[in-house]
Amino acid sequence: EPEAQYADYTTWQREWVRRPEVAARIERWRRRLAGAAPTQLPLDHQRPTRQRFVGGTIPLTIPHTTVKGLRQVAEAADGTLFRVLAAAYAWWLHLYTESNDVVFGTPHDMRRWGDLSAVAGYCVSPVVLRCDVSGQESFTELVGRMGRVVADALSDVVPFETLVAALGVSRDPRSNPLFQTALALQPP
């Protein structure tokens, strides 16, 4: 049996979010997200009055040879596979929405300490990524920018509900308060 249980995780999180370190992180998030709005994707019909979670996901399996090429791009850009994919996703959002300011989410595992690594349960919190995509930079430059965005976001990660409450973002039962689209990388 693991040393820590899910109840230990929830206790740790409840105590951790009260620390001054988390307050400082929230202030950095406040500056990082100032003036941001969720990237609005074009809709084919109006949203229902409440989320029904009947929307779709588009799973995409990338062939091994393509992943190998993406890893080479990442290495050349001094980045990671996730940063390359996040840069490509940000570029796609930029083109699809005609917005230079793209905001999307990505899941982050909140098991931060060794004794929590074996905890069974949902310990994932969305992290908001906001990137300026001017369309004038090279893809390598965009990968570099996305690398900084990801590093900054992950260095200041806080539980999503704590962040939303602290920022005082108004809630609408029809949608997520900070982002409308997410990118999740799930290795096979």
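The values are calculated or read from the model by the stated rules, or taken from the named source; none is laboratory data. Because the structure is a prediction, the values reported are computed rather than measured. Note that each Cβ is placed from the backbone with ideal geometry, even for glycine, and that neighbours are counted across all protein chains shown. These area figures cover heavy atoms from the full protein model, side chains too; ligands, DNA and RNA do not enter into them. Shrake-Rupley method; radii C 1.70, N 1.55, O 1.52, S 1.80 Å.
Set against the 2.2 N^0.38 Å expectation for a compact globular protein, region 59-188 has a Cα radius of gyration ratio of 1.13.
Hey, what number do you get for the chain at 222 nm if only DSSP H runs of n ≥ 4 count, each worth -39500 (n - 2.57), divided across all residues, to the nearest 500? Could the numbers behind the result be given before it?
Details: 6 runs with 79 residues, N = 188.
Value at 222 nm, helices only: -13500 deg cm²/dmol.
Within the chain, the longest segment free of exposed loop sites, counting trypsin sites (Lys or Arg not before Pro) that fall outside DSSP classes H, G, I, E and B and have at most 11 other Cβ atoms within 10 Å, spans 53-170. Between Leu95 and Arg174, the FRET efficiency estimated from the beta carbon spacing at R0 = 25 angstrom works out to 0.50.
Backbone phi angles across region 11-18, fed through the Karplus curve with coefficients 6.51, -1.76 and 1.60 (θ = phi - 60°), yield HN-Hα couplings of 5, 4, 5, 4, 6, 5, 5, 8 Hz in residue order; Gly and Pro are listed as x. Computed over region 57-124, the range of Cα coordinates on each principal axis works out to 42, 29, 25 Å, biggest value leading. Taking 0.36 nm per residue of sequence separation and removing the Cα-Cα distance, the Asp132/Leu60 pair yields an extension gain of 23.4 nm. The tail of the calculated P(r) for region 1-118 beyond 25 Å holds 53 percent of all Cα-Cα pairs. Across the chain, Cα pairs under 8 Å and at least six residues apart give a relative contact order of 33 percent. Rg/Rh for region 3-44 (Cα atoms only, Rh after Kirkwood) is 1.25. For Val124, the amide hydrogen comes within under 5 Å of the amide hydrogens of Met110, counting only partners 5 or more places away or on other chains and with H modelled in the peptide plane.
Note on exposure: Leu185, Leu167 ranked by accessible area (1.4 Å probe, complete protein assembly) read Leu185, Leu167, with the most exposed listed first. Around the amide H of Gly105, modelled in the peptide plane, lie the amide H atoms of Leu129, Thr181, Ala182, Leu183, all under 5 Å away and 5 or more residues distant in sequence or on another chain.
For region 1-89, what is the accessible area per residue in Å², given a 1.4 Å probe and the full set of protein chains?
Using a 1.4 Å probe on heavy atoms only, each residue of region 1-89 averages 76 Å².
Scan the chain and report its longest stretch carrying no GluC sites (Glu not before Pro) that are both in a DSSP loop and have at most 13 other Cβ atoms within 10 Å.
4-97
When the alpha carbon gyration tensor of region 122-172 is reduced to an equivalent ellipsoid, the three semi-axes, largest first, read 27, 14, 8 Å. Placing +1 on the Cβ of every Lys and Arg and -1 on the Cβ of every Asp and Glu, with no other charges, gives region 33-188 a dipole of roughly 440 debye about its Cα centre. 3J(HN,Hα) along region 80-93, derived from phi through the Karplus expression 6.51 cos²θ - 1.76 cosθ + 1.60 where θ = phi - 60°, amounts to 10, 4, 4, 5, 5, 5, 5, 5, 5, 5, 4, 5, 4, 4 Hz, with x in place of Gly and Pro.
For Tyr96, Tyr89, Tyr9, Tyr122, the ranking by accessible surface with the largest value first comes to Tyr122, Tyr96, Tyr89, Tyr9, using a 1.4 Å probe. Listed values for region 161-175 are Karplus-derived 3J(HN,Hα) couplings in whole Hz (6.51 cos²θ - 1.76 cosθ + 1.60, θ = phi - 60°), namely 4, 5, 5, 4, 5, 5, 7, x, 6, 5, 9, 10, x, 8, 7, and x replaces Gly and Pro.
Taking the 1.4 Å solvent-accessible surface of region 134-183 as the whole, the part contributed by carbon and sulfur is 50%.
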